[in-house]
């Protein structure tokens with residue numbers, strides 16, 4: 001099982017790669033690259049929240065629903081809401097559906113905020 005710091009490192013890497021792919025795809029009109037970027041950024045959210053969940057003593061979630069439940073138990077409602085948006089706009093619409101809705105770029109920024117928040121939370125322990 002990966003450690004919290006490893007999950008956070010993965011989150012940073014996925015976010016950086018995903019943002020680059022999305023922006024390159026947007027600039028070149030390459031929907032496939034944009035889709036891949038969305039999925040990587042969604043996975044950055046998953047990794048960041050896995051770091052927080054693990055740091056708080058919970059086992060790594062087996063599903064998105066379980067992740068949401070643990071975050072809710074931890075009182076991290078905003079992280080749940082961002083996760084809902086990331087799941088819908090980045091994972092479902094963006095990656096699987098190939099639909100780049102206007103909410104995609106805001107959700108990307110929100111995922112960056114989650115990573116920054118988790119980094120601070122994990123560092124304080």
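Quick note: the coordinates plus some simple rules give every number you see, no bench work behind them. All values reported here derive from a predicted model rather than from experimental measurement. A quick note on method: Cβ atoms are made from the backbone with ideal geometry, for glycine too, and the neighbour counts reach across all protein chains shown.
Roughly how tilted is helix 103-123, in degrees to the nearest 10 and between 0 and 90, from the longest Cα axis of the chain?
For helix 103-123, the angle is close to 30 degrees.
If I fit a long axis through the Cα atoms of helix 31-55 and take the longest principal axis of the Cα atoms of the chain, what angle between them do I get, 0 to 90°, rounded to 10?
Helix 31-55 sits at roughly 10 degrees to that axis.
If you average the alpha carbon positions of the range 57-76 and of the range 1-17, how far apart do those two centres end up, in angstrom?
Centre-to-centre distance over Cα atoms comes out at 17 Å.
Hey, how much of the P(r) for the range 1-105 falls beyond 19 Å, as a percent of Cα pairs?
Summing the P(r) of the range 1-105 above 19 Å gives 43 percent of all pairs.
Go through 52-60, 104-112 and give me the packing order, highest mean Cβ count within 10 Å leading.
By packing density, highest mean first, the sequence is 104-112, 52-60.
Using 1/(1 + (r/R0)^6) with R0 = 22 angstrom and r between the beta carbons of residue 81 and residue 32, what's the FRET efficiency to the nearest 0.05?
0.15
Before rounding to the nearest 500, sum -39500 (n - 2.57) across all DSSP H runs of length at least 4 in the chain and divide by the residue total; then give [θ] at 222 nm in deg cm²/dmol.
-24500 deg cm²/dmol, from helical runs alone.
Mind telling me which of 90, 79, 31 comes out most flexible in a GNM of the chain, alpha-carbon contacts under 10 Å?
Looking only at 90, 79, 31, the biggest GNM fluctuation is shown by 31.
How tilted is helix 4-28 with respect to the longest principal axis of the chain? Cα atoms for both, answer in degrees (0 to 90, nearest 10).
Tilt relative to the chain: about 10 degrees.
Please pull out the direction-averaged projected area of the range 56-125, using the convex hull of its alpha-carbon atoms, in nm² to one decimal place.
Over all viewing directions, the range 56-125 projects a mean Cα-hull area of 5.0 nm².
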